[in-house]
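Below you'll find the structure, written out as structure tokens, and then a few comments.
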Amino acid sequence: MAKIVAFALSFFLPLIIVRYLSQEAVGHYREAFQVITNAVMILPLGFSMSAYYFLSRESERRPAAVLNILLFNFTIGGLVCLIVNVYPELLGNIFRSDELTRLAPLIGVVIWVWIVSAFLEIVPIANQEAKVATIFIICTSLSKTLFLGAAVLTFATVDAFLYAAIIQGVIQTALLLNYLRSRFPGFWGKFDRRFFVEQMAYAVPFGLTGIIWVAQNDIHNYFVGYQFSSTDFAIYAYGCFQLPLIAMLYESVTSVLIPRMNALQLVGDHEEMIRLTARAMQKLAFFYFPIYAFLLITSQTFIVTLFTEEYAASSSVFVINLTLLPFSIVITDPIVRSFKELGRSFLLTRLFVLCALVAVLYFGLGSLSLTGFIAVAVGGFLVERVITETMVIKKLRMGLRHLPLFNGIVKTAAITVLAGSVTWLVYLTSHSAVHGIAMHYAKETLGIMRPGMLDFFSGSVVLLVSALVFIPIYLISASFLGVIEDDEKLTIKRFVRRIFQGRGPASVAEVR
């Protein structure tokens, strides 16, 4: 829930950026934060994540554990900052941009403070303080949105954006140090060299796996940045736009399944593992399939609404990138984690796909278009999914007898096609007229004249009308075909009843 609130707070930030920065400046901003985001994810080598393991198992060495993480993150972040400041042309050469060379020293400082401060969102959860973690996540997201948004609105430069990011990181680091001081008194004097080595030995293998995952997901961005201009990179970056809530849903499902799959694997109950996987896939399909169909139909309007007419070309990249969504219902991670031998095979598969992906991107560097690059990236993801799913099917001994378990997914696909077909016809015949009426109303009645705001208002109306067609057809069909189960209908009815009825006057029982 904290992450959902954080997403809501930060949602409008990219919408503001594209409306106040030039397209070339947006490209530089996206290039800079591509580097920053990947550096913050990769460079700690999973060391911060070791807090989940050691804080729950170590009673006497807990202060030493957080100190080791703090020292490691501070050191690795400082080294990267030093390298980037001494050799700023490293970033400029990656994107063939003199502007990135000029911005490199600031980027290095942002990487340093963000690597250190990122531990703030991990340590309270590892210390089993969920409420504190919720407060930290929401407050830091709010302050980040305020600082970065103010920088864009006031100065409208990438430099100001980076300075605001540094201020945010420093404040978050101060909050982190205060938390560590209150929860782990005297932690700064608990350094243990042997324990540091032990903690590193635990963390680094997971960190290396994470590097491969990040590289596989983001390596195509660097090839695009090298081959194309900053303006083109901005178009490509927003074409690769992903809805964070979709990732949150997948992570929630897999996090629930991981411990359950481990327990079932220990007793050898493969049939229940298959049944649970099928149910989880059906739940994901219930959301992913309609989102995919709706965004596929309205892709042009969706992109222009969020990022203005200047980024209309991003829609072709966006449509190809959307292909990942329906295939994301395939759940393999909880099962792979349950079998050690599958984990090793999965790592080798990911390495193979990464090497193949880099080879295709490298040799196609001079001939691939923006849509070609995203097609290669999506293809690499699909190849990995096919190989991994084949391993899982073989390990669990799945066969034709298990196909009835997936009937719900087939039904979901069918009602998605039905709702999508009707919505497509309505959108095709009416979106221009609806867009024109909304544009006229915005200008004449609301007095909106800024092109970016007009794009947002009129596009939102078109998307709303399309959703009002799609959603009722989809939900009614899902209910009729039994995709929405009876207990789920009852839960929804209770939830709606609580919303509309409210608590009302306190009852006698409540008073007592």
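Values computed for the structure shown
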{"quantity": "Residue match in the stretch 351-368 (condition: assigned to a helix (DSSP H, G or I) and farther than 25 Å from ASN321 by Cβ)", "calculated": "no"}
{"quantity": "LEU342 vs. criteria in contact with a Lys or Arg (Cβ under 7 Å, 6 or more places away or on another chain), of a type in the set (A, V, I, L, M) and in contact (Cβ under 8 Å) with a residue 12 or more places away in the chain", "calculated": "yes"}
{"quantity": "Hits in the stretch 1-18 (condition: in a helix (DSSP H, G or I) and open to solvent by 30 Å² or more (accessible area, probe 1.4 Å))", "calculated": "LYS3, ILE4, VAL5, PHE7, ALA8, LEU9, SER10, PHE12, PRO14, ILE16"}
{"quantity": "Subset of the stretch 279-303 that is under 14 Å from LEU463 (Cα atoms) and of a type in the set (S, T, N, Q) - its residue that is surrounded by the most Cβ atoms within 10 Å (Cβ to Cβ)", "calculated": "THR301"}
{"quantity": "Test result for THR231, in contact (Cβ under 8 Å) with a residue 60 or more places away in the chain, open to solvent by less than 50 Å² (accessible area, probe 1.4 Å), at negative phi and in contact with a Pro (Cβ under 9 Å, 6 or more places away or on another chain)", "calculated": "no"}
{"quantity": "Residue within the stretch 63-76 that is outside any helix (DSSP H, G or I), open to solvent by 70 Å² or more (accessible area, probe 1.4 Å) and either touching a residue at least 24 places away in the same chain (Cβ under 8 Å) or touching a helix residue (DSSP H, G or I) at 6+ places or on another chain (Cβ under 9 Å) (or both) present", "calculated": "no"}
{"quantity": "Candidate set: the stretch 427-451, residues that are surrounded by fewer than 17 Cβ atoms within 10 Å (Cβ to Cβ) and touching a residue at least 40 places away in the same chain (Cβ under 8 Å); chosen: the one nearest to GLN300 (Cα to Cα)", "calculated": "PRO451"}
{"quantity": "Of all residues in the stretch 472-493 being assigned to a helix (DSSP H, G or I) and in contact (Cβ under 8 Å) with a residue 24 or more places away in the chain, the one that is surrounded by the most Cβ atoms within 10 Å (Cβ to Cβ)", "calculated": "TYR474"}
{"quantity": "Pick from the stretch 83-131, criterion without any contact (Cβ under 8 Å) to a residue 60 or more places away in the chain and among the polar types (S, T, N, Q), ranking: surrounded by the most Cβ atoms within 10 Å (Cβ to Cβ)", "calculated": "SER117"}
{"quantity": "Residue count, the stretch 253-268 (criterion: open to solvent by 60 Å² or more (accessible area, probe 1.4 Å) and either of a type in the set (Phe, Trp, Tyr) or at pLDDT 85 or above (or both))", "calculated": "1"}
{"quantity": "Listing of helices (runs of 4 or more DSSP H) fully contained in the stretch 100-191 that carry 2 or more residues being of a type in the set (Gly, Ala, Ser)", "calculated": "130-154, 158-183"}
{"quantity": "Of all residues in the stretch 452-470 being farther than 18 Å from GLU310 by Cβ and without any contact (Cβ under 8 Å) to a residue 40 or more places away in the chain, the one that is surrounded by the most Cβ atoms within 10 Å (Cβ to Cβ)", "calculated": "VAL461"}
{"quantity": "Residue match in the stretch 321-342 (condition: more than 19 Å from the chain's Cα centre (by Cα) and surrounded by fewer than 18 Cβ atoms within 10 Å (Cβ to Cβ))", "calculated": "yes"}
{"quantity": "Verdict on PHE184 being surrounded by 15 or more Cβ atoms within 10 Å (Cβ to Cβ), at pLDDT 90 or above and out of contact with any Lys or Arg (no Cβ under 9 Å at 6 or more places or on another chain)", "calculated": "no"}
{"quantity": "Per-region count, the stretch 193-210, residues at pLDDT below 85 and either open to solvent by 50 Å² or more (accessible area, probe 1.4 Å) or farther than 30 Å from GLY364 by Cα (or both)", "calculated": "7"}
{"quantity": "Residue in the stretch 369-377 that is more than 19 Å from PHE327 (Cα to Cα), open to solvent by 40 Å² or more (accessible area, probe 1.4 Å) and not in a helix (DSSP H, G or I) present", "calculated": "yes"}
{"quantity": "Every pair of residues 6+ apart whose Cβ atoms lie under 9 Å, when the first sits in the stretch 164-192 and is basic (Lys, Arg) while the second is open to solvent by 80 Å² or more (accessible area, probe 1.4 Å)", "calculated": "ARG181/TRP188"}
{"quantity": "Qualifying residue in the stretch 262-285 (condition: out of contact with any His (no Cβ under 7 Å at 6 or more places or on another chain) and under 30 Å from SER430 (Cβ atoms))", "calculated": "yes"}
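The values are calculated or read from the model by the stated rules, or taken from the named source; none is laboratory data. Values in this document were obtained by computation on a predicted structure and should not be read as measured data. All Cβ positions, even for glycine, are placed from backbone atoms using ideal geometry, and neighbour counts span all protein chains on display. For accessibility, only protein heavy atoms count, side chains too; no ligands or nucleic acids. Shrake-Rupley method; radii C 1.70, N 1.55, O 1.52, S 1.80 Å.
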